[in-house]
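The structure appears right after this line, and notes come after that.
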4 protein chains.
Amino acid sequence: MLKLVKVFPTPPLINHDEFLVIAGPCAVQNYEQTLKLAQILMAHGVRYLRGGAYKARTSPYSFQGLHEHGLAMLSAVKSATGIKIVTEITDVRDIDKFHDVDIIQIGARNMQNFPLLEAVAHTNKPILLKRDFGATVEEWLFAAEYLMDFGNEKIILCERGIRTFSDASRTTLDLAAIGAVRKITKLPVIIDPSHSGGDYELVPELARAAAAYPAAGLMIEVAIDPEHALSDKEETLRADKFVSLLDEIDAILAIVKKKRI
Amino acid sequence: MLKLVKVFPTPPLINHDEFLVIAGPCAVQNYEQTLKLAQILMAHGVRYLRGGAYKARTSPYSFQGLHEHGLAMLSAVKSATGIKIVTEITDVRDIDKFHDVDIIQIGARNMQNFPLLEAVAHTNKPILLKRDFGATVEEWLFAAEYLMDFGNEKIILCERGIRTFSDASRTTLDLAAIGAVRKITKLPVIIDPSHSGGDYELVPELARAAAAYPAAGLMIEVAIDPEHALSDKEETLRADKFVSLLDEIDAILAIVKKKRI
Amino acid sequence: MLKLVKVFPTPPLINHDEFLVIAGPCAVQNYEQTLKLAQILMAHGVRYLRGGAYKARTSPYSFQGLHEHGLAMLSAVKSATGIKIVTEITDVRDIDKFHDVDIIQIGARNMQNFPLLEAVAHTNKPILLKRDFGATVEEWLFAAEYLMDFGNEKIILCERGIRTFSDASRTTLDLAAIGAVRKITKLPVIIDPSHSGGDYELVPELARAAAAYPAAGLMIEVAIDPEHALSDKEETLRADKFVSLLDEIDAILAIVKKKRI
Amino acid sequence: MLKLVKVFPTPPLINHDEFLVIAGPCAVQNYEQTLKLAQILMAHGVRYLRGGAYKARTSPYSFQGLHEHGLAMLSAVKSATGIKIVTEITDVRDIDKFHDVDIIQIGARNMQNFPLLEAVAHTNKPILLKRDFGATVEEWLFAAEYLMDFGNEKIILCERGIRTFSDASRTTLDLAAIGAVRKITKLPVIIDPSHSGGDYELVPELARAAAAYPAAGLMIEVAIDPEHALSDKEETLRADKFVSLLDEIDAILAIVKKKRI
């Protein structure tokens, strides 16, 4: 039975009148580009930079990230700009390398990697817990229950699409999961329109929908130069398009009585 | 191969800067209530009343609608208020009874009932074609191709959720289908948040998301008195909640540069 | 609530120690070929010939069947060989043309076409009710409940695969549905490995699995000359392969204590 | 692109005329019971005992296994009977504890836990790679590609059901995945009817179907005393029922020209 997620956290990491935006490239590849992007984000009030250093890729022949070098690049960008860092851990043995990370992401494929959940929980850092694309809402909340049982309540849930038969997009964004979670717990749910849609043209559409629903926030793949990305180029939004989208998001948030953080 | 849906219609029934709202009860049960609801809708600029006379129900023991009596009730409300009527046909042999209907709905279960498609197409009336909850976008567009091949281009597509493993809601609203359809055809796609979610608490959330995406419109189950509905009471919005929702929808539409029709 | 399917039928159309095999082409195209196939079937103890006269096709440009001419061809083959005829009805207005048909098939797309269910039930003929590929077992049994409520208990359920995300085959054969149905009703469930798999190489594999489970029977697409079929050629088994498969089926049935009928 | 799985292994761990049976309890709880079961298995030609020591459970409050104590119990049973041991690893840091294990299982939830895949591959032991219930066949084969890229070809794939909307069983066994895999690689696919069905009544049915398809083998949950199991009691077969099932399996294997190993 779900217990802890039903009564905690007090308060949640994102208040009910707040909307968190996290943005950045699929993988960090280049210091200058990442720095430039971080400056643009900060200039537009986006205080969290996502960027992969360790990438969990379907194929062993795909770019797997820059590893420690990528983490160092993110730390340098953080020092230079003050932006906070969100990045994914894929190996429990790497946990000590994440000391400078502000929110540790547990990817969809690791949602039920319980030793990893335990290690991340014990850092006492905020955790971004993605829903596995084959998991029910209940299983997802049980993964959060593990984190709480390991002593960490600083949880942000992230819906990124589920596996269905539909030919409309790579996965099907399960927006109603936000409402289903809300009936059980105060844990915030943010939306990842990039991995869900798998197509940068869908990203603004799904992002606006998430803001209007409303979700508790968004995590979006954005890059200065998506054409040169070594991963996810087809779903990464250009920085200028992202800035336009932020204006639409802000206008929608005013209607649903939330403010962007 | 899809042919006609790729080049037609010119123009579509709903222009790209328009947003059609259709509202009303699952089934028409009572003249006074339906009249009162129609008056509220018209007062708020909603010009299309939906209401079932012939209901396709999973169980033979569920309320199946008032049939001809229901159609007559809808006609009377139309005469009294000027509101236009949207209602579903379930039997090809009933086609002549639908002369006073403004938009004939083909329900999800009949999306590939080809004789019914042919009969409805030949009326030359606008058609609301719901996506079967087990159908791909391609199959749905092929059903529209049938309608066009039978000579009728006045098609509105309606996404109402697909069957998935998710425990978040009754079906999973496939919002990205709007974008997928838009890449192939100008046919408008409206969203039914009521049947998709199966829960009136989800309706405003999914409706706002659809407006922000944006869809080409909404079809929502609304009643004066949902508690006394003989069908779908758990997903029907009260009229006063619906009126509040319209204000939010209008504000969102201003952001995505659409006007409600 | 399900009522009639829980207590009826007594006895079912296929007894628990019987295994019904129905075989034949997707669509009847040619008298000589159909006759020749029927003779082969009869020679191997297969007493039911399937063959489409009215085809429900996803695309309006696909071969739609020979209609009355196809029914006449089936009747002629029946007269010449004594084989029984199984064919699908797609339009309620055609019901009187099916007087010579032995088992009337309701296709997956029409599982919840309730006027069609009523008309077919009233013929008092045996009915083959396919499961819609987007329907739950409960919804399928409710469709059977409609047939019983309309006065016809002569029902054979047919599982033909469901829509899933899997890339293994066209639809995913839900074999466990046999067991799930068996817990609720005595209605027999047969398996269609042809439409489920969508690939003639999968047909013997899925057919053997269905026999060993065991199902109550099989409906298989078989033709003398699949290469010249105007529909479903990729999933139709050659007659000689089918005859070999029958031997394997018979051997498996001996193990699960069933005999082929 | 898939490369290695297309050309290797030579020969596969299970030859095309062999059928591997692995059986045992969900979790090892008790030495005497496990020993007794192993003796029964060996007496019936089943040479592989499965038994969980580290259990990946959806809820943190469910029994998580006996850990090192469980591994020691399995080793003791192996010493006493000569049976080979199959057990799951859930934490990459435990890899050195698995030296006495004959086949290391990678569970469905860890199919894309790439650090774990690497560590297990480097042991050079045979690997049982379960398909994640949300993964396509292609993703599953890419996980095998990782193992081969890490230098280990001793792979057995295990299909255990996928997530679908069906209400027939806990997950839907994707039998056709066997055929889909066979078109690409010689890697053997065995079936787990226990986790797929989630119901011990379905286990013999699905197991017979898998043998007749035919799969390359079965992994079945069996216990002396399922009523006292701390996990999966509802899907665990009693040893006596399992022995009867083996007779049916052997008879079916004779038909498809395989012999049990």
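The table below gives the values:
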item: Square roots of five times the Cα gyration tensor eigenvalues for the range B:42-139, Å; result: 22, 16, 14
item: Ellipsoid equivalent to the range C:205-261 - semi-axes via the Cα gyration tensor, in Å; result: 24, 11, 8
item: Per-residue SASA entry for D:Asp167, accessible area with 1.4 Å probe, Å² rounded to 10; result: 80
item: Share antiparallel - DSSP beta bridges, chain D, percent rounded to 5; result: 5
item: Mean projected area (nm²) of the alpha-carbon convex hull when the range A:84-188 is viewed from all directions; result: 6.7
item: Nearest-10 value in Å² for the accessible area of A:Cys158, using the 1.4 Å probe; result: 0
item: Accessible carbon and sulfur surface of chain B relative to its total accessible area, %, 1.4 Å; result: 52
item: Accessible surface, per residue, of the range C:88-131 when the full set of protein chains is kept, probe 1.4 Å, Å²; result: 29
item: Hits among aspartates and glutamates - C-alpha to C-alpha of A:Lys154 under 13 Å, sequence gap 8 or more where chains match; result: A:Asp102, A:Glu145
item: Accessible area (Å², 1.4 Å probe, nearest 10) - C:Ser231; result: 10
item: Selection from C:Ala38, C:Ile224, C:Ser169 lying farthest towards where the dipole of chain C points positive, charges on Cβ; result: C:Ala38
item: Per-selection Kirkwood Rh - the protein assembly as shown (Cα, Å, 1 d.p.); result: 30.3
item: Positions from the range B:207-235 whose accessible area shrinks by 30 Å² or more when the full protein complex is built, not the chain alone, probe 1.4 Å; result: B:Arg208, B:Ala209, B:Ala212, B:Tyr213
item: Integer Hz, Karplus 6.51/-1.76/1.60 couplings in order for the range B:26-31, x for Gly and Pro; result: 3, 10, 6, 10, 8, 5
item: Using a 7 Å Cα-to-Cβ projection, B:Glu201 label spacings across copies, nm, ascending; result: 3.4, 3.7, 5.0
item: Beta bridges per DSSP with both ends in the protein assembly as shown, % antiparallel, nearest 5; result: 5
item: Accessible area buried at the D-A interface, both sides summed, 1.4 Å probe (Å², nearest 100); result: 2700
item: Contact order normalised by residue count of the range C:25-165, Cα under 8 Å, 6+ apart, percent; result: 18
item: Average other protein chain Cβ within 10 Å of Cβ, residues A:138-145; result: 3
item: Over 29 Å (Cα to Cα) - which of A:Lys233/D:Lys55; A:Lys257/B:Lys36; C:Lys130/C:Lys259; D:Lys6/D:Lys125; C:Lys186/C:Lys259 fall in this group; result: A:Lys233/D:Lys55; A:Lys257/B:Lys36
item: Gyration tensor (Cα) of the range C:127-216, equivalent ellipsoid semi-axes in angstrom; result: 23, 14, 11
item: Per-copy distances of the C:Met1 label point, shortest first, in nm (7 angstrom along Cα→Cβ); result: 2.8, 5.6, 6.2
item: Residue-wise HN-Hα coupling along the range A:78-91, computed from phi with Karplus coefficients 6.51, -1.76, 1.60 (Hz; x: Gly, Pro); result: 4, 4, 6, 10, x, 5, 8, 10, 10, 8, 8, 9, 10, 9
item: Backbone N within the range C:3-32 under 15 Å of label point (7 Å from C:Ile184 Cα along the Cβ vector); result: C:3-9
item: For the range C:94-110, Karplus couplings with θ = phi - 60° (6.51, -1.76, 1.60), whole Hz, Gly/Pro x; result: 8, 4, 5, 6, 9, 4, 9, 7, 8, 10, 8, 8, 9, x, 3, 5, 10
item: Amide hydrogen neighbours beyond the local backbone of B:Ile85, cut-off 5 Å, H modeled; result: B:Leu49, B:Asp102, B:Ile103
item: Amide proton proximity set for C:Gly52, modelled H, under 5 Å, gap of 5+; result: C:Ala27, C:Val28
item: Charged-residue dipole, Cβ positions (Lys, Arg, Asp, Glu), chain C about Cα centre, Debye nearest 20; result: 600
item: Relative contact order of chain B, pairs being alpha-carbon contacts under 8 Å that are 6 or more residues apart, as %; result: 23
item: Of every Cα-Cα pair in the range D:180-237, the percent that sits beyond 19 Å; result: 34
item: 7 Å along Cα→Cβ, label-point gaps from D:Phe150 to other copies, nm, shortest first; result: 2.0, 5.7, 5.7
item: Long-range HN-HN contacts of C:Ile155 with modeled amide H, under 5 Å; result: C:Leu13, C:Ile127
item: Beta bridges by DSSP in the range B:75-225, antiparallel share as percent, to the nearest 5; result: 5
item: Residues of the range A:178-261: accessible area per residue with a 1.4 Å probe, Å²; result: 33
item: Computed log₁₀ I(q)/I(0) - Debye formula, equal Cα scatterers, no solvent, the range A:53-104, q 0.14, 0.20, 0.21, 0.30 Å⁻¹; result: -0.36, -0.69, -0.75, -1.23
item: Order of exposure, largest accessible area first, which applies to D:Met42, B:Met219, C:Met1 with probe 1.4 Å; result: C:Met1, D:Met42, B:Met219
item: Anisotropy class of chain A from Cα gyration tensor, a/c 1.5 cut; result: rounded
item: C:His67-B:Asn30 pseudo-label distance in nm [points 7 Å out on the Cα-to-Cβ vector]; result: 4.8
item: Of all chain C residues, the one whose C-beta is nearest the axis that brings C onto B, in angstrom; result: C:Gly134, 1
item: Hull volume in cubic angstrom per residue (convex hull over the Cα atoms of the range D:150-261); result: 134
item: Sum of -39500 (n - 2.57) over DSSP H runs of 4+, divided by residues of chain C (222 nm, nearest 500); result: -10500 deg cm²/dmol
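The values are calculated or read from the model by the stated rules, or taken from the named source; none is laboratory data. Keep in mind that what you see is a predicted model, and the values were worked out from it rather than measured. Cβ coordinates were reconstructed from backbone atoms using ideal geometry, including for glycine residues, and neighbour counts include every protein chain displayed. Protein only, heavy atoms only, side chains kept; ligands, DNA and RNA dropped before computing areas. Shrake-Rupley method; radii C 1.70, N 1.55, O 1.52, S 1.80 Å.
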